[in-house]
Amino acid sequence: MSKDGYVLHLKNFATEENNTARQFFEALIKGNRSKLKAYRDEEEVLVIGEALRNIYANNIVNTAFFLHKDGGSIAPDAGATSPIGNRVKNLLQFKSEEDECNLYPLFRNGVIKHNFISHTLSNIKPSHKPVAQDLFIAFDPSKEKMGDAVHSLYEQQFTQPVQKREFIAKALQHGQFIAVKIFIARTGRPDFDTMQSELNYVSIYALHKAKILEEKLWNVTAVGDIIDVTDEVLKRYNFEQKIIEQNHQAPKSYKISQVGIEQLLKA
């Protein structure tokens, strides 16, 4: 309810089984459209919302990723990372080209493919809330092959809690442990109203690029978010604070084997 008591904001929490309220208000609005007045919440300072949005987007620590339709399947399309360095960013840039991110841990490990994302997307609609799942990752960048350096398992793939703690302990012993919460959701129609000024700006200098961008936006079928929950998970499984702090340090990319050290000492 607004301060003056004239505006009442209602939000519908309809489900697939019960959407009576939505149908009622759709019919109510449709039948009284001429009597209803659109209310715009104007900014006190012009374009302050856009400025705050850009500042937030440039400093966000989470990682967003986008999936597109590739024939009959869904494939990674793009990722958005923060300029601020962190362990998740280091992981996703392992064995990847400059200005790219590698979403390998989300989709498979060296042995099996993960079906969490594909299974979730086949069972949700754009109107549904995002689905979340924790992903445990053992990261050892000293390994040459991706399948050896990164081993990941979703929480649902563990059958007992003790298996999770053993996985964490082994990851800490051989490199770095990283836990992330993956949010995945279906996308609907692109909201071009919020980005029309940007598209118009691109069109002035490169019309073909603006058209390509618009086509890519239409092809996006899902969006996800990667949130670092490593410290929370380590505390959950009773690891000491000292270990939690040490795990923030990036593991070395190359290790000297024990045999090599002995040979150096004998030389």
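Couple of notes before you dig in:
- Computed [θ] at 222 nm, deg cm²/dmol, the chain (DSSP H ≥ 4; -39,500 (n - 2.57); rounded to nearest 500): -10500 deg cm²/dmol
- GNM result for the chain, Cα springs below 10 Å: residue of T194, T63, T230 fluctuating most strongly: T194
- Restricting region 104-200 to GluC sites (Glu not before Pro) that sit in a DSSP loop and have at most 14 other Cβ atoms within 10 Å of their own Cβ leaves E144.
- Gain on full stretching of the segment that runs from A27 to H119 - 0.36 nm per residue minus C-alpha separation: 29.6 nm
- Simple label model, 7 Å out from Cα along Cβ direction - A75 to D148, nm: 2.8 nm
- Among the trypsin sites (Lys or Arg not before Pro) within region 120-166, those in coil by DSSP and having at most 10 neighbouring Cβ atoms inside 10 Å are K145.
- Cα long-axis angle, helix 196-205 against the chain (0 to 90 degrees, to the nearest 10): 70 degrees
- At R0 = 30 Å, FRET efficiency that the Cβ-Cβ distance of A64 and S34 yields, to 0.05: 0.15
- Take the convex hull of the alpha carbons in region 61-266; its mean projected area over all directions comes to 15.4 nm².
- Stretching the chain fully between R165 and I55 yields a gain of 35.8 nm (0.36 nm per residue, less the alpha carbon separation).
- When +1 charges are put on Lys and Arg Cβ atoms and -1 charges on Asp and Glu Cβ atoms, the dipole computed for region 93-155 relative to its Cα centre reaches about 420 debye.
- 0 to 90° range, to nearest 10: angle between helix 20-31 axis and the chain longest Cα axis: 40 degrees
Just so you know, all these numbers are worked out from the coordinates, no wet-lab data involved. Just so it is clear, the model here is predicted, and its values are computed rather than measured. When we count neighbours, we look across all protein chains shown, and the Cβ atoms used for this are built from the backbone with ideal geometry, even at glycine.
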